[in-house]
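The values are calculated or read from the model by the stated rules, or taken from the named source; none is laboratory data. A quick note: this is a predicted structure, and the numbers were derived from the prediction, not measured. Here the Cβ positions follow ideal geometry from the backbone for every residue, glycine too, while neighbour counts run over all protein chains shown. Side chains are part of the model used for accessible areas, which takes the heavy atoms of the whole protein and leaves out ligands, DNA and RNA. Shrake-Rupley method; radii C 1.70, N 1.55, O 1.52, S 1.80 Å.
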Amino acid sequence: MNPKQKTIDTLLQGRSTTIQNTSGRVYAPANIALCKYWGKRDADLNLPLTPSLSVSLGPKGSYFGFQMIEDKEHQINVNGIQIEKTSAFYQRLVSFLNLFPNAEQACLQIDIESTIPIAAGLASSASGFASVVKALNELYGWQLSLQELSILARLGSGSACRSLWPGFVEWQMGERADGLDSHGVSLPETWPEFRLGLHLISTQEKSISSREAMEITRKTARFFKLWPEQVEQDFKAIQNALSEKDFKALGQTAESNALALHAMMLNAVPAISYTQPHTLMAMQKIWALRAQGLALYFTQDAGPNLKLLFLEPDRETVLAHFPELDVVAPFAE
Ligand code: 2P0
């Protein structure tokens with residue numbers, strides 16, 4: 001049996017296999033890791049080699065509307081545009097849906113509205129798969145816990161397991177081979193002044209998927225053996241920074257963690273780089289502003305865009321230097 005299906009069967013034991021709600025609409029936020037997930041111990045189940053820690057992006061994420069239809073195939077619209085059934089996006093989503101029991105009984109009209117650019121290293125697959133499992137939970141009336149939904153979301157995309165909660169979320173890597181202890185956990189800390197600014201450099205689809213890049217890095221980068229130790233130290237530093245509300249320590253650690261990730265990718269064979277000239281220019285601008293005393297940091301994922309980290313009192317100064325910044329307040333009411 002497909003290992004994903006085994007996890008699904010275990011989690012859904014005793015739950016409904018018939019449709020309970022023929023339509024609904026759910027939402028899941030995107031999340032940005034401050035301590036990154038990179039490298040799997042099990043590629044079938046998206047089980048990580050290290051823990052990771054993220055912040056959810058409040059209103060930036062994915063709405064997933066569904067409605068049962070009399071048809072033979074699902075219809076999927078993204079931001080109002082119908083997706084080709086032959087596209088990689090359609091195939092990936094439908095193969096995920098088909099993992100669930102009695103999938104054939106529900107043909108769906110799916111309307112995905114993404115409030116972030118898809119496939120630009122802005123974590124759209126994370127909010128996407130988190131919203132899919134929330135929708136299935138409604139469709140079948142399973143009433144699964146967020147922790148169980150996090151395990152199911154992980155099967156679609158690893159980082160999706162952190163998108164079931166707002167605020168800071170830890171992905172506990174777990175130890176079990178079946179992955180039932182590998183899921184997100186909501187952290188109690190809130191930080192109303194914490195801001196994350198999306199600095200878009202390109203919204204073009206990435207040249208190499210993070211899934212592929214992760215495997216190449218794990219298999220070929222000599223620096224990869226240093227990664228678990230880097231994560232262990234960064235993880236502790238971020239936990240301390242959160243409990244002590246030490247923004248400089250948080251920003252510095254998140255930035256170093258991202259730079260270590262990208263250094264490790266450069267060390268892969270063939271080398272992988274998501275960085276573009278404008279990414280580097282923005283980094284240098286941030287470093288120059290920091291040298292002048294501004295508490296401004298960045299993180300970068302599997303794409304050229306940067307996410308700037310700062311606190312609300314510095315918003316105007318940051319915007320003066322990055323006027324196009326899309327500012328997110330993860331803890332706003
Ligand atoms: C993260 N990223 O922690 C890291 C940092 C990108 C850079 O998780 O193969 O789409 O589906 O488990 O979750 C992106 O990888 O990979 C990612 P799969 P995923 O956010």
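Could you grab me the full set of residues in the range 212-247 that are of a type in the set (Lys, Arg) and without any contact (Cβ under 8 Å) to a residue 60 or more places away in the chain? Explain how you work it out, then say what you get.
Within the range 212-247, the first condition is being of a type in the set (Lys, Arg), and the residues that meet it are 218-219, 222, 225, 236, 245.
Scanning the range 212-247 gives LYS219, ARG222, LYS225, LYS236, LYS245.
Look through GLN75, GLN82, GLN67 and report the one residue that is among the polar types (S, T, N, Q), open to solvent by less than 50 Å² (accessible area, probe 1.4 Å) and more than 21 Å from SER150 (Cα to Cα). Talk me through it step by step, then tell me what you get.
Details: GLN82 fails: open to solvent by less than 50 Å² (accessible area, probe 1.4 Å); GLN67 fails: open to solvent by less than 50 Å² (accessible area, probe 1.4 Å).
Sole residue among the options that is among the polar types (S, T, N, Q), open to solvent by less than 50 Å² (accessible area, probe 1.4 Å) and more than 21 Å from SER150 (Cα to Cα): GLN75.
Output the qualifying pairs, or none if there are none: Cβ atoms under 7 angstrom, residues six or more apart or on different chains, first residue in the range 140-163 and within 19 Å of ILE32 (Cα to Cα) and part of a loop (DSSP other than H, G, I, E, B), second residue open to solvent by 10 Å² or more (accessible area, probe 1.4 Å) and of a type outside the set (Ser, Thr, Tyr).
SER157/PHE129; SER163/PRO29
Within the range 183-196, is even one residue closer than 24 Å to LEU136 by Cα, buried (at least 23 other Cβ atoms within 10 Å of the Cβ) and at pLDDT 95 or above? Don't jump to the end; show me each part of the working.
At the first step, the residues of the range 183-196 found to be closer than 24 Å to LEU136 by Cα are 183-186.
Of the ones still in play, those that are also buried (at least 23 other Cβ atoms within 10 Å of the Cβ) are 183-184.
Restricting the remaining residues to those that are at pLDDT 95 or above gives 183-184.
Yes, the range 183-196 has at least one match.
List the strands (runs of 3 or more DSSP E) that sit entirely inside the range 1-109 and contain at least 3 residues that are within 29 Å of MET173 (Cβ to Cβ) and within 16 Å of the ligand (Cβ to nearest atom). Please lay out each step first, then the result.
Details: elements: 23-35, 40-42, 52-68, 75-78.
In the range 1-109, the matching strands (runs of 3 or more DSSP E) lie at 23-35, 40-42, 52-68.
Restricting the search to the range 177-229, which residues are in a helix (DSSP H, G or I) and within 13 Å of the ligand (Cβ to nearest atom)?
Of the range 177-229, the ones in a helix (DSSP H, G or I) are 210-220, 222-229.
SER210, ARG211, GLU212, ALA213, MET214, GLU215, ILE216, THR217, ARG218, TRP227 - these are the residues of the range 177-229 that are in a helix (DSSP H, G or I) and within 13 Å of the ligand (Cβ to nearest atom).
Please report, ordered by residue number, the helices (runs of 4 or more DSSP H) entirely within the range 241-333 with at least 1 residues that are of a type in the set (Lys, Arg) and surrounded by 13 or more Cβ atoms within 10 Å (Cβ to Cβ).
Values: elements: 247-266, 277-291, 315-321.
Of the helices (runs of 4 or more DSSP H) lying wholly inside the range 241-333, those with at least 1 residues that are of a type in the set (Lys, Arg) and surrounded by 13 or more Cβ atoms within 10 Å (Cβ to Cβ) span 277-291, 315-321.
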